[in-house]
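The values are calculated or read from the model by the stated rules, or taken from the named source; none is laboratory data. The model shown is predicted, which means the values in this text are computed figures rather than measured ones. Note that each Cβ is placed from the backbone with ideal geometry, even for glycine, and that neighbours are counted across all protein chains shown. For the accessible areas, the whole protein counts, side chains as well, though only heavy atoms, and no ligand, DNA or RNA atoms are used. Shrake-Rupley method; radii C 1.70, N 1.55, O 1.52, S 1.80 Å.
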Amino acid sequence: QAKRTGRGRVVVYTREMEEAAKRVTRIEQALRRAVAAGEVEPHFQPIVDLATRETIGFETLARWTDRDLGFVSPGVFIPIAEERGIIGQLSQLVLRKATEAARDWPEHLFLSFNLSPSQLVDHNTGLQVLSILKRTGFSARRLEIEITETGLMTDPASAEKIVNDLKAMGIRVSLDDFGTGQSSLGRLRDFPFDKLKIDRAFVSSILDDRPSEHIIRAILAMCEGLGMDVVAEGIEEEAQAARLVEFGCAGGQGYYFGRPCNADETLTYLRQNVLNVRSKPPLPHAMI
Ligand code: C2E
Ligand code: MG
Ligand code: MG
Ligand code: MG
């Protein structure tokens, strides 16, 4: 069918668009139910010191397998949650579960967590994070928040206030997916980022294209000058890691070091890869 809108423009609604809209609504409804039932789970991907290969922290990544829809990728459900006003609740659920799990890890490990653009215009965000940390007993000093440049665009003044609130609590703030989207170097001057994450797009082409190599080197030099930490994302092979070490990149993340894993699998990973991991305390006698 076609609909006539103002000024004689004609918009064509195809069957595919209709199907897509229906699917989004179906996902939205299923997601609301899943969030209310506490069924979205945090997974954790290791972040390493590239020189020593020691694990220094983990990024929290939301995972959802619906009863009917099956596995739905965060690349699909996060934008829907954002658009349909579910992201706040979803985020609180995932952060609560993630900090509950990470509380038992060795103390030198940090946990990072992604904030969506709409959370950077919501003045409750700071208090919500704080109340979750209080409730789970996870130290703000071990938490990092990842935000993208898109997230800073909607309302820079509000975003700045929220970022500063988080920093005042001792939370570190990193700029995610750097080099894609609406990159502006001015943002690096205005916002007090602690860390920058180089987007996977540059890392994946580092071995076969000169421009990527130069761009990564320039980003590293800039971070050094600004006193910011760096993590290269999406490392999939040793040759990429070796090249990044050669360029002086301190941190790395990617399938080569570990895929995102659930809380139990992460404990196993920690026992195998990180010293001083406590085993689960024995059950008190009364409970046996
Ligand atoms: P991101 O924050 O940039 O997260 C990194 C993404 O790259 C993750 O995808 C991760 O699984 C993937 N990745 C890591 N290493 C490699 C690699 O070596 N090769 C390749 N090809 N991919 C790699 P994922 O888990 O599908 O998440 C996609 C995006 O969804 C995230 O991008 C983030 O923007 C968003 N997201 C995920 N969980 C949350 C959440 O809890 N809250 C919010 N607001 N956003 C989230
Ligand atoms: Mg991220
Ligand atoms: Mg990223
Ligand atoms: Mg990304």
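Brief remarks on what is shown
- Number of the exception - Ala81 against (1) open to solvent by 10 Å² or more (accessible area, probe 1.4 Å); (2) more than 16 Å from ligand 3 (Cβ to nearest atom); (3) assigned to a helix (DSSP H, G or I): (1)
- Region 164-179, residues that are open to solvent by 30 Å² or more (accessible area, probe 1.4 Å), out of contact with any Gly (no Cβ under 6 Å at 6 or more places or on another chain) and at negative phi: Asn164, Lys167, Ala168, Met169, Arg172
- Test: residue in region 192-207 that is in contact with a strand residue (DSSP E or B) (Cβ under 7 Å, 6 or more places away or on another chain), on the phi > 0 side of the Ramachandran plot and among the charged types (D, E, K, R): no
- Output for region 144-162, where each listed residue is part of a loop (DSSP other than H, G, I, E, B) and away from ligand 4 (no atom under 15 Å from the Cβ): Thr154, Asp155
- Index of the failed condition, Gly57 passing every other in (1) open to solvent by 10 Å² or more (accessible area, probe 1.4 Å); (2) in a strand (DSSP E or B); (3) within 16 Å of ligand 2 (Cβ to nearest atom): (1)
- Which listed residue, of Gly186, Gly234, Gly225, Gly252, is within 12 Å of ligand 1 (Cβ to nearest atom) and within 30 Å of Ala168 (Cβ to Cβ): Gly252
- Val245 vs. criteria open to solvent by 40 Å² or more (accessible area, probe 1.4 Å) and at pLDDT 90 or above: yes
- Answer from Gln92, Gln182 - the residue that is under 15 Å from the mean Cα position of the chain (by Cα), open to solvent by 60 Å² or more (accessible area, probe 1.4 Å) and away from ligand 2 (no atom under 16 Å from the Cβ): Gln92
- Where a residue in region 53-75 is within 16 Å of ligand 4 (Cβ to nearest atom) and its partner, wherever it lies, is in a loop (DSSP other than H, G, I, E, B) and open to solvent by 10 Å² or more (accessible area, probe 1.4 Å), with Cβ under 7 Å and at least six apart: Leu61/Pro260
- Residue match in region 100-116 (condition: open to solvent by 10 Å² or more (accessible area, probe 1.4 Å) and at positive phi): no
- Set Gly225, Gly186: member being closer than 14 Å to Cys249 by Cα and either of a type in the set (A, V, I, L, M) or without any contact (Cβ under 8 Å) to a residue 24 or more places away in the chain (or both): Gly225
- The condition of being modelled with pLDDT of 95 or more, within 16 Å of ligand 2 (Cβ to nearest atom) and not in a loop (DSSP other than H, G, I, E, B) holds for only one of Ser112, Ser131, that being Ser112.
- Region 163-188, subset part of a strand (DSSP E or B), within 16 Å of ligand 4 (Cβ to nearest atom) and not acidic (Asp, Glu), residue nearest to Ala218 (Cα to Cα): Phe178
- Yes/no for Gly252 being more than 16 Å from ligand 4 (Cβ to nearest atom), surrounded by 14 or more Cβ atoms within 10 Å (Cβ to Cβ) and either aromatic (Phe, Trp, Tyr) or under 17 Å from the mean Cα position of the chain (by Cα) (or both): no
- Residue selected from region 115-127 under the condition assigned to a helix (DSSP H, G or I) and touching a helix residue (DSSP H, G or I) at 6+ places or on another chain (Cβ under 6 Å), by the criterion farthest from ligand 3 (Cβ to nearest atom): Gly126
- The set of residues in region 244-266 that are touching a helix residue (DSSP H, G or I) at 6+ places or on another chain (Cβ under 8 Å) and without any contact (Cβ under 8 Å) to a residue 40 or more places away in the chain comprises Phe247, Gly248, Tyr256.
- Single unsatisfied condition, Val277 versus (1) more than 13 Å from ligand 1 (Cβ to nearest atom); (2) surrounded by 16 or more Cβ atoms within 10 Å (Cβ to Cβ); (3) not in a loop (DSSP other than H, G, I, E, B): (3)
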